[in-house]
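Below is one structure, written out as structure tokens; the observations come after it.
The values are calculated or read from the model by the stated rules, or taken from the named source; none is laboratory data. In this text, all values refer to a predicted model and were calculated from it rather than measured experimentally. Cβ: placed from backbone, ideal geometry, glycine included. Neighbour counts: every protein chain shown. Side chains are part of the model used for accessible areas, which takes the heavy atoms of the whole protein and leaves out ligands, DNA and RNA. Shrake-Rupley method; radii C 1.70, N 1.55, O 1.52, S 1.80 Å.
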Amino acid sequence: MQYDIIIGMEIHAQLKTKSKMFCSCANDGEDKKPNTTICEVCVGHPGTLPVINKQAVEWTILTGMAVGCEIADFTKFDRKNYFYPDLPKGYQIAQYDLPISLNGHLNINDKKIKIIRIHLEEDTGKLLHPKNANYSLVDYNRAGTPLMELVTAPDLSSAEDAKNFCQEYQKILRYLNVSDANMEKGQMRCEANISLQEKGKWKKSNGEIKPLNNYKLNPKIELKNINSFKAMERAVNYEIKRQTKVLNEGGKLIQETRGWDDNKGQTYHQREKESAHDYRYFPEPDLPPLILTELKEKLRKKLPELPQTKKERFITEYGFNKIDANFIVVDKNLADYIEKVISEFRAWIETSDKSKKTQDEIWETHRKKIIRLISNWLINKLGGLIKTKNGDISKIKITPKNFAEFLALIFQNKINAASGVKILEIMLKQGKDPSDILDSGDFEQIQNKSALNQIIEKIISDNPKIVEQYKNGKVSVIQFLIGQAMKETKGKANPVIVKEMLIKLLIS
Ligand code: ZN
Ligand code: MN
């Protein structure tokens, strides 16, 4: 039997505010000693009162705007009641029927994925279960961390969709600088709700799956404990296979929450899912409702350029190809760095080009070559060097100005690729100006034809057999002779010039 795969996502992201959601405790307890960033409010002592963190509200509004949500004029907090030792109050302050953001969307793989809501709540503490002990420990440092929850409609239909959605959302959170959104650290927790339904027997209405005729819907299964994009893809694929098998064998699926075991590559039963009425939601009596009308208008002006728009701009304005543009916009710092390099390079080329063209014409004349150089040198070579050092573009010692100067040296054929890599490595280590490095080392290409001529004549007389082969029509052997010349000059010769000179001598 063929089934339609129906996936919806729930993503919790920790906001990196200075203080917690409802008290003034520092919001950096992650690596601190257990129970040191807590107070009476975040551990729920009787008689204490919460206060709303304005920054967290603003960031939830901004995130909502970034994904095209309508921002509520009126919003409130509610109590979600359940008992678990990591929840000191016995309820979580969350938002139920009047969330901050509603009805947005994100485009993933050319599909419009509806975002039902984004609301604000507080994180719980953490339980620790020491090995071989008959007790558990609880660390409340995380209790009260602002948590923003996004819920999508069941508009995704593959593991790839699910992964791409999480990646796109992570980019947005990082662009807005509201969350570090590191999945491995639990700063962004993605859950997928998956169900399989027989083709043609269901329809979607108002973001919900409804059966047609007498069809009985298969339950949706919630996947948790996913802490990387890779795990997200694997877990969803595993679950699709598992559910298909159960259904094809005539078995029954139950509505449940399943965890993901990354080592075994399997999902496993955690618990049967509660439905909303079990939580006995009611308005939080200790917090005032919020009127956001003025605040949201002020914030709309602060919305930065977002990854998908930036990607389009890098393609149309500069001419990067799609693969490079995708790579660049993953990291806002990288995108900013590249734009600075381009603007420095542009300034340089506009003053060094002595033709009577306008500045725009000069740029247009050289744009393709420059973008190709950036793609080759900044994305591939420098990107590779940074990656092997586990680095981050915003922390490297090479300023955009120095990088542009480096590109200018390559652009003018003052250094060849081999010297370029060496200079780049020195720049990365010492943060020096490329021209200074060039002056101090002997990287400058041997352009001087009489010096090169001597070397090339020697190579020709040292390799009579190769020369013979070339003259008999096996022209590819010239590569060997070029290699010899590069070796002789320790990589300082310009291979293009060497080739020209070799051909001239060989055919004379
Ligand atoms: Zn506190
Ligand atoms: Mn939640």
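Along the axis of the charge dipole computed for the range 3-299 (Cβ charges of +1 for Lys and Arg, -1 for Asp and Glu, origin at the Cα centre), the listed residues Pro211, Met183, Tyr140 are led at the positive end by Pro211.
For the range 1-160, the spread of Cα positions along the three principal axes, ordered from largest to smallest, is 48, 44, 27 Å. Probing with 1.4 Å while keeping every protein chain in the model, the per residue accessible area of the range 214-256 equals 56 Å². Measuring r between the beta carbons of Ile291 and Arg271 and using R0 = 41 Å, the FRET efficiency lands at 0.60. As a fraction of the 1.4 Å probe accessible area of the range 6-63, surface on carbon and sulfur atoms comes out at 54 percent. Which percent, to the nearest 5, of DSSP beta bridges fully inside the chain are antiparallel? Percentage antiparallel, nearest 5: 95. Subtracting the Cα-Cα distance of Asn463 and Asp31 from their residue separation scaled by 0.36 nm leaves 148.9 nm.
Fully extending the segment from Gln454 to Thr316, taken as 0.36 nm per residue of separation minus the present Cα-Cα distance, adds 44.9 nm. Ordering 424-431, 371-378 by mean Cβ neighbour count within 10 Å, with the highest value first, yields 371-378, 424-431.
Approximating the spin labels as points 7 Å out from Cα along Cα→Cβ, the Asn132-to-Lys112 distance works out to 6.0 nm. Taking the alpha carbon gyration tensor of the range 1-76, multiplying each eigenvalue by 5 and rooting it gives semi-axes of 32, 19, 13 Å, largest first. Scaled to the globular estimate 2.2 N^0.38 Å, the Cα spread of the range 450-508, given as radius of gyration, is 1.00. The alpha carbon convex hull volume per residue for the chain rounds to 251 Å³. Rounded to the nearest 20, the Cβ-based charge dipole of the chain about its Cα centre (Lys and Arg +1, Asp and Glu -1) stands at 1260 debye. Surface composition of the range 168-230: carbon and sulfur make up 42 percent of the accessible area, probe 1.4 Å. Just the protein heavy atoms count here, and of the accessible area of the range 449-507 at 1.4 Å, carbon and sulfur take up 56 percent. Counting every alpha-carbon pair across the range 116-271, the share separated by more than 28 Å comes to 30%.
Farthest toward the dipole's positive end in the chain, which of Leu196, Ile386, Ile93, given Cβ charges of +1 (Lys, Arg) and -1 (Asp, Glu) about the Cα centre? Final value for the positive-end residue is Ile386.
Here the label points at Ser476 and Asp73, each 7 Å from Cα along the C-beta direction, are separated by 7.6 nm in the simple model. Rounded if a/c is under 1.5, else prolate if a/b beats b/c, else oblate: with a ≥ b ≥ c from the C-alpha gyration tensor eigenvalues square-rooted, which is the range 189-291? Judged from the Cα gyration tensor, the range 189-291 comes out oblate (a/c at least 1.5, b/c at or above a/b). Once the 1.4 Å probe is applied to the protein heavy atoms, the range 369-508 comes out at 55 Å² accessible per residue. Each semi-axis of the equivalent ellipsoid for the range 43-130 is √(5λ) with λ an eigenvalue of the Cα gyration tensor; in descending order they amount to 29, 17, 11 Å. Using every pair of distinct Cα positions in the range 307-440, the Kirkwood expression returns a hydrodynamic radius of 15.3 angstrom.
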